[in-house]
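First up is the structure itself, then whatever we jot down about it.
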Amino acid sequence: MNALTGISLDPVADFEAVTEFPFMVNALWAGTIVAVLAGAVGWFMVLRRQTFAGHTLSVIAFPGAAAAALAGLPLAVGYFGACALGALGLAAVSRPGAAGSGQADESAAIGTLQALALGLGFLFVNLYGGQLASLESLLFGTFLGITSGQVQTLLWVAVAALLALAAIGRPLLFASVDGEVARAAGVPTRLLGAAFLLLLGLAVAATAEITGALLVFALLVTPAATAQQLTARPGLGIALSVALALLVTWVGLTIAYFSPYPVGFWVTSLSFGLYLAVRLGVGVGRRWGPRAGPAAAIGAEA
Amino acid sequence: MLAHEFMRNAFLAGTFVALACGLVGYFVVLRAQVFAGDALSHVAFTGALAAAAAGADIRLGLFVATVGVAAGIGALGRRARPDDVVIGSVFAWILGLGALFLSIFIAGSSGSDGTAAVRVLFGSILGLSAGEARLAALIAAAACVALLALARPLLLSTLDPEVARGLGVPVRALGGAFLVILGAVAAEATQAVGALLLLGLLAAPGGAARLLSDRPWHGLALAAAIAVGSTWAGLVLSYEIESLPAGTAIVAVATAVFVFAAARRALASGSIRPSSIEA
């Protein structure tokens, strides 16, 4: 996206330039909602080591969107429907607490599910008459042309998902940190795992509309992983993860507005740069600091 | 069907690439490194697009990117078994780079070249020339030989790393070497089934073989056979059904075999838990 006016490095003028057009205002609102949702859900995903499942859900969003386009339905229906189905499928193959061979079976099943989803997506795009431009935006996202209606839908979805996450947050945390003890204490870990996957599916579907199916990860994993490097305390960690997701989304959207390169590239690069900087910083601090950093505590839990 | 040259090329390249994917995929599943394979297949996409954007040979970009990243995650991870959050963070960024190269490439090329990105993502097994198919078969065969040469110590260090270390097997070096072979196979298979469908040939045959047999050598052979069989069946299906892309057909057959294996395992063990029927 080439801006009509270049960046001036004067924050007020730049802010006015960025918010001059309604599509950009919508993009910023949508980005904000998505960042809050992805930051919070992503923190639990990283804690539960379900990165692969999260990635698979994001890939499943692609055939959903392609099928919706083929059937003439709104893309959001495809994203949310496919992700919900995918979450149920993943919950069915997941074996909480399984180590060794169980884990191998589970990851093989997840990988197979993902490959099948991609194959179906390609089939639907082919049937649709596969234009590269639409394929590219399904996979890599676009922040152009987000309507106020979409922003409103996103807001409701995000509020519902965050309320649900808040409701199951405490037992979910318990089950994630120590599944054995939680099960012994009567916490329904399997049910909680399935509920969390559904929430993850919702977050992924909402994010995929903005960042595209392949780049959901940038907002789900990287801010959360960065936050867990910095603190092991859940409340603080979630807040930090949300703040980082917001930061990279806003800065990424702004840079993308003034540059010819895609928003996905900027958001992923910014969040990865932050992650790398924090990791290096924590590593240096641990080597020369007086005591082990909080990251060590997270490492020991996982 | 075999009267068409493009079908003969597809069968030649497809057979050897599937053989390599099946063999490597069995170890990938056994070592629970499916996510690493997934990441490498996406890295292949970025590498190919980077080469295309720079005007270089796509094959060069594929191999440099996948083998380089494979060596990198092998070196970073503890005991050459990379951590999933590290992989996730790294490859989210690499995909972002892919989006960048895609936009540069599309901006810099004429409209007809835009299909190259689709070729990279979803493969073009039916569009290979005779020379390309022969080269693909040769590279895949070399990867098979390399893997089989390492197979015995690799199997031991996968199944029981403690014992392997006690016997003086270089577990860490083997893990790294395996990731490099995986990278090479990912690069080669990208040309046949595409960066995104590669995972189907890695995870599904390996996973099915693990479910069907507990004996490692038996499983290894089974994984290779399932991968090759799925590729053949997929090619025939996509030849018969016009609107069915070859990549989709191959992955669909492989998935069907995996589902069958999971169902058979569930029935045989007699305990039909909901977790083991679904696949």
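Which whole-number percentage describes the relative contact order of chain B, with Cα contacts under 8 Å and a sequence gap of 6 or more?
Relative contact order comes out at 30 percent.
FRET efficiency for the pair B:R215 and A:S259, taken as 1/(1 + (r/R0)^6) with r the Cβ-Cβ distance and R0 = 56 Å, rounds to 0.50.
Within 10 Å of each Cβ in peptide B:199-205, how many partner chain Cβ atoms are there on average? Round it to a whole number, please.
Average per residue, whole number: 6.
Long hydrophobic helices in chain B: the complete DSSP H runs spanning 18 Å or more by Cα along their own axis with mean Kyte-Doolittle hydropathy of at least 0.0 are B:5-30, B:34-54, B:58-76, B:84-108, B:130-159, B:171-193, B:198-212, B:216-240, B:246-268.
How high is the FRET efficiency between A:D10 and A:S148 when r is their beta carbon distance and R₀ equals 30 Å, given to the nearest 0.05? Efficiency computed from Cβ-Cβ geometry: 0.60. Ordered by the number of other Cβ atoms lying within 10 Å of each residue's own Cβ, fewest first, B:D84, B:D38, B:D57, B:D214 fall into the sequence B:D214, B:D57, B:D84, B:D38.
At an R0 of 45 angstrom, the distance between the Cβ atoms of B:S129 and A:V181 translates into a FRET efficiency of 0.15. With each label modelled as a point 7 angstrom along the Cα→C-beta vector, the A:A239-A:L127 pair spans 4.9 nm. Partner shielding of A:263-271 amounts to 6, given as the average count of beta-carbon atoms from other chains within 10 Å of each residue beta-carbon. Per-peptide packing, taken as the mean over residues of other Cβ atoms within 10 Å, places A:153-163, A:10-20 in the sequence A:153-163, A:10-20 from highest down.
Based on the reciprocal of the average 1/r between different C-alpha atoms, the Kirkwood radius for segment B:5-277 equals 18.9 Å. A straight chain from B:R152 to B:A263 at 0.36 nm per residue would run longer than the Cα-Cα distance by 37.0 nm. Modelled spin-label separation between B:R8 and A:F174, with each label point placed 7 Å from Cα along the Cα-to-Cβ direction: 6.9 nm.
The numbers here are math on the coordinates, done by the rules we state, and not lab data. Keep in mind it's a predicted model, so treat the numbers as computed, not measured. We place every Cβ from the backbone using ideal geometry, glycine too, and count neighbours over all the protein chains shown.
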